[in-house]
1. Per residue of the chain, what 222 nm ellipticity follows from adding -39500 (n - 2.57) for every DSSP H run with n ≥ 4, rounded to the nearest 500?
2. Rg and Dmax of the range 28-145, using alpha carbons, in Å: what are they?
3. Under 14 Å Cα to Cα from Lys42, which aspartates and glutamates show up? Leave out anything in the same chain fewer than 8 places away.
4. Can you compute the charge dipole magnitude of the range 98-185 about its Cα centre, using +1 on each Lys and Arg Cβ and -1 on each Asp and Glu Cβ, nothing else charged? Give it in debye, rounded to the nearest 20.
5. Only four residue types carry charge here, +1 at the Cβ of Lys and Arg and -1 at the Cβ of Asp and Glu. Report the dipole size of the range 192-330 about the Cα centre in Debye, rounded to the nearest 20.
6. Mind giving me the FRET efficiency for Lys48 and Lys2? R0 is 25 Å, r the Cβ-Cβ distance, nearest 0.05 is fine.
7. Report the extension gain between Asp35 and Gln70 in nm, rounded to one decimal, defined as 0.36 nm multiplied by the number of residues separating them, less their alpha carbon distance.
8. Grab every C-alpha pair in the range 35-90, bin the distances at 5 angstrom width from 0 up to the longest one, and report whole percents.
Amino acid sequence: MKYLVTGAAGFIGSHLCHKLITEGNEVIAIDNFSDYYNVGYKKLRVEKLLTLLQLKVLSVDISDKNAIDQLIVSSKPEVVINLAAQAGVRLPTDQIHKYVNSNLVGFSNVLQSTISNKVPYFLYASSSSVYGDQAVIPYSECEQNLHPNSFYGATKLANELLAPTLVKNSATVARGLRFFSVYGPWGRPDMAYFRMIASTINNSRFELFGDGTVERDFTYIDDVVRSIILLIDELKKHKFGFTDLVNLGGGNPTSINTLIEIVEKVSNKKVNLSKEISNLADVKKTMSNDKYLKLLIGNSPYTNIMDGITKTISWANENCIKTNLNQWII
């Protein structure tokens, strides 16, 4: 099949493109190479995961509607997977426009062009951040009490509300993917596990926000990619106009304090802790109800946190990685 993947230089996007190419698919990959985190790191990720497979990532910003329209018209993809977004929950108020440009304007551009050009399948990145602190745990896709704690989470909830309005009368089927704290090699350097691992390798300071009791449903990258591919196949069973939302998480939350213990045990080194006040944008606990995921694809893949962190630390100790960790973390 022919895929268009936005955010292809990102963590999930690069791994997904790698898997799609190795399975014999044709992929058009785009990214705007934003400077939210180190662009050199993104380029190295692309080099190691995609360039070696002869896949070039085109520099295109999804907020440029004309560029998106031209790309979809000329490439004629069968599947559009929109993973491009301004990530993170801690951007200051004077940078809120980055969420708007990418997560609202950019998302709308990709969605509209997908529908207008009658692309059969559309998948997009949402987030566990849509649930906030008032939803019943474990989080279920049928939960109605959604009150995101962050502007980022609110933009993702907006995506979930926008998609069905255009898809319902179209020649497209769509699926939103609610990702739960995805981690692993080549991950985002703003995430806690990445900064902890960097601390054990290079003794950089790890800023612990709050008391470490917040819990996250950490989900290993290979499990996420495999689930996405299975969900694409399942989506083909549905009639045009269908939309749904799927949690991509294992339902096994781990506290930040426990994660520190795991990282220290695997690396046999201490994390250099610096305690900071908690962030109000952080929810107290995320936990996926994976019943719907299992209904759609069977037993969902799951890598336990100890094995996943072990693989990630092994990657982080590669020469081309460990020498750059300090300049990558944010």
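1. -11500 deg cm²/dmol, from helical runs alone.
2. 16.3, 46
3. Asp31, Asp190
4. Here the range 98-185 has a charge dipole of around 300 debye.
5. Charge dipole, the range 192-330, about its Cα centre: 80 debye, nearest 20.
6. Approximately 0.55, to the nearest 0.05.
7. Full extension from Asp35 to Gln70 adds 10.1 nm.
8. 4, 14, 19, 24, 22, 14, 3, 0
Every read-out reported here was derived from the displayed coordinates using simple, explicitly stated rules and does not represent laboratory data. Everything numeric here is computed off the predicted structure, so don't read it as measured data. Every residue, glycine among them, receives a Cβ derived from its backbone with ideal geometry; neighbour counts consider all protein chains shown.
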